[in-house]
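The values are calculated or read from the model by the stated rules, or taken from the named source; none is laboratory data. If you're wondering where the values come from, they're calculated on a predicted model, not measured in any experiment. So basically every Cβ, Gly included, is an ideal-geometry build from the backbone, and we count neighbours across all protein chains shown.
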Amino acid sequence: MNYPTVKQLRYYIALVEQNHFGKAAKICFVSQSAFSVAIKELENILGESLVDRTNKSVTITNLGRETYIQAKKIISELSQLVDISHANKIPLTGRLSLGVIPTIAPFLLTKFVSKLQKSNPKLELYLQENVTLELYDKLMDGELDVILIALPYPLKSVEYSILFKDKFYLTHKKNSKWIQIKDKDFLIDDDSVLLLKDGHCMREHAINACHIKSYEKLSQYSASSVLTLIEMVKNDIGITYLPKISLDSNLVKQSNLEFQNLNENSYREIGLVWRKGSSRIEEFKLLTQSIMESIN
């Protein structure tokens, strides 16, 4: 009996998630013709059509949806198998896939990646940037080994190691029209607060950590990146809250913005997260230590 290959299953998962042959082939780094052949071979092995093809769209059949669910489980189990083999090798050698969220990546990666690779020359580090939910899905599917995110965040079947607390600072343009000073306190209206759009965990962390009560009254404007957020504040469209790790970057230093300290509970936590029960836990703890030594 013939069985599907790992390559075929990975291609099929990509096809379902991208819902487009061309896009799926691109993220799998193969030509569309080779990709289509692999999907057709998978259908021949299973003896049924997994997708209905038209000129403009791809429709997943009922069997196709069940196959997708099982394929993700198989790939996840194979990843666990690789974890077991990695447990017997020298820590921080070979391939390591690390996912990082956009509100950490530009401020933290430059501080530790080069040092990590110099101290561990046999480490093959692969980086991927995305929002927390996407990284978590890829972690659980076995596409990523470990993710660097901001906590708290509701995740299941994971373990984590906290690196440090990342305080928030009230950030505004000098002499901003949105800021009033009374008895050395800064008074602001919630409708002047600019945050990242939904999907970025820094939005919820800022709302919770900075004790924004009327979050439904937040500014109608939102940003898709920290860069956009900073540009909006520079032009006094509103004020925002930035994490401490961003304040030392040239991006923020050159903005000539002003920063006000908040109470000690206004912070998020930065941590490494991996699948619960992973056999690489000791390696991830070493990675935690290495990152902390690089940024301190």
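Quick one: in the range 240-296, of everything that is among the acidic types (D, E) and under 21 Å from the mean Cα position of the chain (by Cα), which residue is modelled with the highest pLDDT?
Only one residue fits best here, namely E269.
If you go through the range 34-80 one residue at a time, how many are of a type outside the set (S, T, N, Q), surrounded by fewer than 16 Cβ atoms within 10 Å (Cβ to Cβ) and either closer than 13 Å to H20 by Cα or in the same structural domain as D145 (by TED's automatic domain parsing) (or both)?
3
Being at pLDDT below 90 and in a loop (DSSP other than H, G, I, E, B) narrows it down to one residue among I90, I84; which is it?
I90
Could you count how many residues in the range 5-30 are closer than 18 Å to D137 by Cβ, touching a strand residue (DSSP E or B) at 6+ places or on another chain (Cβ under 8 Å) and in a helix (DSSP H, G or I)?
Selection size over the range 5-30: 2.
Can you pull out the residues in the range 266-295 that are more than 30 Å from L78 (Cα to Cα) and in contact with a His (Cβ under 8 Å, 6 or more places away or on another chain)?
Result: S266, R268.
Does L116 satisfy the condition of being in contact (Cβ under 8 Å) with a residue 24 or more places away in the chain and in a loop (DSSP other than H, G, I, E, B)?
Answer is no for this residue.
Quick check on the range 170-187: of everything there that is modelled with pLDDT under 80 and of a type outside the set (D, E, K, R), which residue is surrounded by the fewest Cβ atoms within 10 Å (Cβ to Cβ)?
Selected residue: I181.
When the residues of the range 1-33 are narrowed to those that are over 29 Å from the mean Cα position of the chain (by Cα) and loosely packed, with under 12 Cβ neighbours inside 10 Å, which ends up nearest to I69 (Cα to Cα)?
Y3
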